[in-house]
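Participant: Let me begin by handing over the structure; questions about it come next.
Please treat every number below as a calculation from the coordinates, not as lab data. Please read these numbers as outputs of a predicted model, since none were measured by experiment. Here the Cβ is made from the backbone with ideal geometry for all residues, glycine too, and neighbour counts use every protein chain on show.
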Amino acid sequence: MESTSRASINFDSNHSITIKEMPYIIHWRDDRCKRCGRCTAVCPSKAIVPSVRVQRVVSSEGAIPTPKAIRKVVHVIEQVNDMERYCTGCAVCSLVCPNEAIFPEFNPQNKFLHYKNKGGDGYKRGGRRNDPSISTLDRIKFTRISMLTDPALDAGRHEFRVRTYLGRIMSPESLPLTVDNDSLIIDKSRDQFIPPVREIYPLMIGSMSVGALSPPMWEGLAMGITYLNEVENMPVVMCSGEGGMPPRLLKSRFLKYFIIQIASGYFGWDEIVHCIPKMVEDPAGIEIKYGQGAKPGDGGLLMAQKVLKLIAGIRGVPMYVDLASPPTHQTKYSIEEAVAKMIQSMSMAWGFRVPVYPKISGTKTARAVLNNLARNPYAAALSIDGEDGGTGAAYNVSMDKMGHPIASNLRDCYLDLVKQGKQNELPLIAAGGVGKKGNLAANAAALIMLGASAVSIGKYIMQATADCLGDEYNRCNLCNTGKCPRGITTQDPRLYRRLDSAKIAERVVEVFKSADVELKKIFAPMGRSTELPIGMSDGLSIDDKAMAERLEINYAC
Amino acid sequence: MCRLSAITSSEYISPMEPVIALETMKEGHDGSGLGLTLKDLGGEFEKLKQYPILSGICSTKGMETLDSFMKKSGFKLKHQWSPKIKPVKGIQARDFYFARAYDYPASYKHKSFEEKEDILMNTRLSLRKIGEKDQSIFAFSFFPDIITIKEVGDPLEIAEFFGLQKDTLKAKIILAQGRQNTNYAIYLYACHPFFIQGYSTMTNGENTAFVPIKEFLSSRGFAGYMGYNSDSEVFTHILHYIRKKLKYPLHYYKDVITPLKDSEIQNRKDAEALRLIKQSLRPLCIDGPNMVIGFTPEGYCFMVQDSKKLRPGIVGGVKGKYGLMSEECGLDKIIPNRDRSKDIFPMKYDMIIISPDAKEVKVWNQLQGQA
């Protein structure tokens with residue numbers, strides 16, 4: 001009781017935090033502000049408020065300067081010093097300000113994490129690992145340039161086959177072939193199972209669910225990849241994420257451009273299973289999510305406020321309830337049996353015509369998973385999501401401190417497959433931090449040359465197509481709150497109506513077409529065009545000896 | 001650019017012929033080495049066709065090791081050829097250059113040829129392993145009716161150094177390569193032609209996709225797929241792999257190293273099979289620039305190129321004698337009295353296959369899937 005009475009006479013504000021503790025500090029210019037109130041209205045975290053202040057104002061009227069000082073009440077914009085209403089740095093206030101009167105500035109001295117634990121719960125957010133340093137992928141350079149001994153190709157003129165395979169590829173020794181009249185034919189008498197294999201573009205859009213994403217965002221991505229397939233002849237595929245897909249899309253001919261994800265909550269699968277008899281096309285693949293790079297070992301959570309009518313319908317759940325996916329599949333008791341059975345079941349649902357593969361988060365144990373899958377002839381690939389992958393909602397500690405960088409994780413797995421001679425049989429899909437600094441094609445090419453058959457992107461595509469504001473200085477990262485100021489990760493119509501799905505689709509097409517040009521600009525001087533340079537590690541260098549040794553590539557400085 | 005010169009003939013010819021062709025093609029510095037692989041031997045080896053011949057180079061100490069190893073392995077020396085060395089400035093003579101015909105160990109006499117091939121290859125690899133560190137033994141080939149000669153230096157000078165112009169050594173198929181070394185060390189095991197169990201190839205150009213191809217071959221679990229001191233050795237091993245291991249007809253070599261586009265595959269009668277091999281053998285796809293000349297154990301010779309950057313190549317001759325060269329002037333020198341209008345300059349879809357005894361030349365077109 002004593003302490004309470006003390007607090008009540010706390011004239012020195014001793015238990016209040018100062019603005020200097022805040023991660024972003026608002027700079028507001030009195031002289032430019034016309035008090036329209038747009039900034040305070042739009043601020044997603046209510047970090048700024050209109051306020052009044054008694055102020056000494058000096059003014060002069062008339063032909064001869066006669067300055068007079070008066071004290072009067074003025075209207076101002078103030079930053080709130082409450083950590084629950086911290087400025088996220090999203091800068092939407094600057095976006096709407098007609099007079100450039102306001103902007104947030106990152107405060108490197110902030111003590112945000114010291115205070116963002118009110119109520120005894122850790123800080124939760126969206127986005128990805130808050131580490132703005134240069135990633136391993138961005139340190140890799142392409143140094144084996146074809147010169148006089150091996151003419152480089154012309155990226156603009158030569159024909160390039162920037163394609164890869166999704167699906168279990170048979171070893172050459174096991175192909176059911178026989179020679180007939182100097183020609184190879186399939187030996188039907190062997191009645192051998194030939195796994196389904198899709199030819200796809202090596203850059204794919206990773207799993208982001210309808211639910212985590214707003215309807216126009218998801219729709220924009222879907223329209224974009226459909227256009228790429230149907231008009232641009234680029235077989236880009238996209239993964240649904242957990243939570244099903246709109247039934248109309250499931251029954252459409254466009255389903256072949258989508259990988260349907262099944263995760264531990266099995267959300268949406270009642271609808272999907274019921275749609276199977278009505279499907280006119282098979283999906284591109286089935287991804288079984290066992291882990292996510294951004295939050296390894298964590299389940300998913302779609303908060304009640306995001307579960308509106310549309311989402312509830314697709315997922316087959318009541319509206320306005322929290323949808324928690326457990327950290328692990330409840331049926332999973334061993335990789336040898338449970339994972340194999342899951343792959344078998346999914347394969348069986350589509351008559352073994354669809355590639356089925358697991359996705360795991362980057363981990364030191366990835367090779368154990370890999371080796372198990374290598375022995376399972378129905379496993380179509382392994383997708384590994386590194387620590388720099390993004391998410392819609394997770395604890396900050398999971399995002400910042402848990403997980404494995406993708407570069408060495410992928411390389412270890414690839415070299416393990418090389419040892420077994422299975423590097424072409426089980427495609428590796430790499431993800432997590434691709435395009436973190438904007439170098440989409442270069443990061444993707446580096447991963448391919450380290451051994452990836454395909455590369456998956458998520459955060460980059462949201463940044464590039466829908467202007468997602470998030471970055472590695474914890475800017476915005478409000479995805480989990482349903483208050484995404486861009487309308488990307490929200491189910492609130494007042495927010496998502498800011499997004500135009502047609503514009504997103506247009507940007508998806510631009511992003512993939514420009515990445516295609518850049519990939520060719522990388523592959524051409526390295527002299528590779530007929531196939532992807534998967535595992536062509538002699539073309540890579542890095543400026544750090546330890547990293548070079550670890551990745552088994554060249555060191556160059 | 002490395003110079004390539006191969007001759008296939010119904011008559012025995014001297015190895016000087018392809019070397020002279022190399023000399024005709026010479027431009028600029030070219031001292032990285034000469035390699036010769038002779039198949040279907042005449043001269044003193046004509047009557048020894050059933051005996052495997054070990055070709056190599058040894059130091060005095062290496063020869064002692066080799067003798068004791070071969071004796072211990074049960075091989076009995078039947079015949080030995082050594083060149084009559086004529087000192088040439090710039091070429092440092094090594095102690096022993098040899099081609100030795102051996103009789104199989106008693107336990108192998110009645111075994112199948114397949115089993116014999118394996119012991120021959122494993123013996124060669126063991127000798128290589130024993131002598132590689134101190135360079136006391138170089139073993140290039142160990143196979144019936146095959147001789148391989150290699151040395152570092154200018155090709156014509158090496159031929160003079162070995163006294164090949166006066167030697168009785170003859171063969172019906174000879175591959176010769178004048179190496180212009182670029183990015184790998186000048187080293188005897190890096191000299192073309194490369195040989196494995198009856199298959200031999202030589203190449204010019206640089207193999208851009210060397211690393212993934214090497215890794216794929218090395219991981220096949222076959223001891224012979226090793227070495228790779230040159231990025232061109234993989235071409236020989238791919239040939240061996242698709243012919244001997246996978247048992248594909250020879251022309252699929254082209255489909256493996258330069259796979260067709262999907263739109264092109266659908267016009268082939270064997271489209272179904274082609275799609276599968278394109279997927280399963282994806283790591284063996286080359287991107288050039290390369291031209292490959294080689295032979296098979298049956299005596300077929302072939303020329304094939306990558307599908308884009310295309311190192312030059314020409315095939316021409318008369319019935320009973322054809323040359324496969326990297327440049328036309330080499331062919332002019334060796335077979336001047338041919339009908340030049342019938343010379344073949346293979347392009348991206350072509351694989352030229354010459355039947356044994358140089359009887360017939362076929363241009364197999366990959367797009368059409370037929371000759």
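Participant: Determine which lysines satisfy two conditions relative to residue B:76: a Cα distance under 20 Å, and not lying fewer than 8 residues away in the same chain.
Facilitator: B:47, B:49, B:61, B:109, B:111, B:116
Participant: Give the residue list of trypsin sites (Lys or Arg not before Pro) in region B:1-54 that are DSSP loop and have at most 15 other beta-carbon atoms within 10 angstrom.
Facilitator: Hits after loop and neighbour filter: B:49.
Participant: Another question, if that's okay. Longest span of chain A, sites excluded, free of GluC sites (Glu not before Pro) in DSSP loop with at most 16 other C-beta atoms within 10 Å?
Facilitator: No qualifying site falls inside A:282-551, the longest such stretch.
Participant: Once both labels are modelled 7 Å past Cα along the beta-carbon direction, what's the residue A:179-residue B:92 spacing in nm?
Facilitator: Distance between the two pseudo-spin positions: 4.6 nm.
Participant: I would also like to ask the following. With just the Cα atoms defining each centre, how far is region B:129-177 from region A:386-413? Give it in Å.
Facilitator: Using only Cα atoms, the two centres lie 56 Å from each other.
Participant: On to the next question. Rg(Cα) of region A:301-347 divided by 2.2 N^0.38 Å?
Facilitator: 1.53
Participant: For a distance above 17 Å, tell me the whole-number percent of Cα pairs in region B:159-250 that qualify.
Facilitator: Counting every Cα pair in region B:159-250, those more than 17 Å apart make up 56 percent.
Participant: If you don't mind, there's one more thing I want to ask. When all alpha-carbon pairs of region A:18-122 are counted, what percent fall beyond 16 Å?
Facilitator: When every Cα pair of region A:18-122 is considered, 63 percent fall beyond 16 Å.
Participant: Could you state the principal axis extents of the C-alpha atoms in chain B, from the largest down, to the nearest angstrom?
Facilitator: 59, 45, 38
Participant: Check chain A for me: any Cys whose beta-carbon has no other cysteine beta-carbon within less than 4.7 Å?
Facilitator: Taking the Cβ cut-off of 4.7 Å, the unpaired cysteines of chain A are A:33, A:36, A:43, A:87, A:97, A:239, A:275, A:413, A:468, A:479, A:484, A:557.
Participant: Within 10 Å of each Cβ in A:181-190, how many Cβ atoms from other chains are there, averaged over the peptide?
Facilitator: The mean count of partner-chain Cβ atoms within 10 Å per residue comes to 5.
Participant: Distances over 38 Å make up what percent of all Cα-Cα pairs in the protein assembly as shown?
Facilitator: Values: 230815 of 430128 pairs.
In whole percent, the share of Cα-Cα pairs in the protein assembly as shown beyond 38 Å is 54.
Participant: Sticking with this one: Within the set B:72/B:129; B:71/B:150; A:309/A:341; A:289/A:401; B:84/B:359; A:436/A:520, which residue pairs have Cα atoms separated by over 23 Å?
Facilitator: B:71/B:150; A:309/A:341; B:84/B:359
Participant: Under a cut-off of 16 Å between alpha-carbon atoms, report the aspartates and glutamates in cross-link reach of residue B:78, not counting same-chain residues fewer than 8 places apart.
Facilitator: Filter leaves B:44, B:46, B:67, B:103, B:145.
Participant: Net charge near residue B:229, counting Lys/Arg +1 and Asp/Glu -1 over other residues with Cβ under 13 Å of its Cβ?
Facilitator: +1
Participant: Post the alpha-carbon centroid distance, region A:62-113 to region A:301-346, in whole angstrom.
Facilitator: Computed from Cα coordinates, the inter-centre distance equals 44 Å.
Participant: To continue, here is another question. Among the aspartates and glutamates, which have Cα under 17 Å from the Cα of residue B:86 when same-chain residues fewer than 8 positions away are ignored?
Facilitator: Of all the aspartates and glutamates, those that pass the test against residue B:86 - Cα under 17 Å, at least 8 places apart if same chain - are B:95, B:151, B:154, B:157, B:160, B:167.
Participant: Indicate the gyration tensor shape class of region B:33-97 (rounded, prolate or oblate), computed on the Cα atoms with a ≥ b ≥ c the square roots of the eigenvalues: a/c under 1.5 is rounded; otherwise a/b larger than b/c is prolate and the rest oblate.
Facilitator: Verdict is oblate for region B:33-97.
Participant: Next question. Loop-only check: which GluC sites (Glu not before Pro) in region B:6-49 are DSSP coil with at most 15 other Cβ within 10 angstrom?
Facilitator: Listed in order of number, the matching sites are B:27.
Participant: To one decimal place, what orientation-averaged projected area in nm² is obtained for the convex hull of the Cα set of region B:50-144?
Facilitator: For region B:50-144, averaging the hull's shadow over all directions gives 6.3 nm².
Participant: In whole Hz and in residue order, list the ³J(HN,Hα) couplings for region A:493-508 that follow from phi through the Karplus curve 6.51 cos²θ - 1.76 cosθ + 1.60, θ = phi - 60°; x for Gly and Pro.
Facilitator: With coefficients 6.51, -1.76 and 1.60, one gets x, 5, 8, 6, 6, 5, 9, 10, 4, 5, 5, 5, 4, 4, 5, 4 Hz.
Participant: Student exercise: in region A:1-133, how many lysine pairs 8 or more apart or on different chains have Cα atoms under 20 Å apart?
Facilitator: 12
Participant: Taking H placed 1.01 Å from N in the peptide plane, check which residues at least 5 places from residue B:79 or on another chain put their amide H under 5 Å from its amide H.
Facilitator: The answer is B:101.
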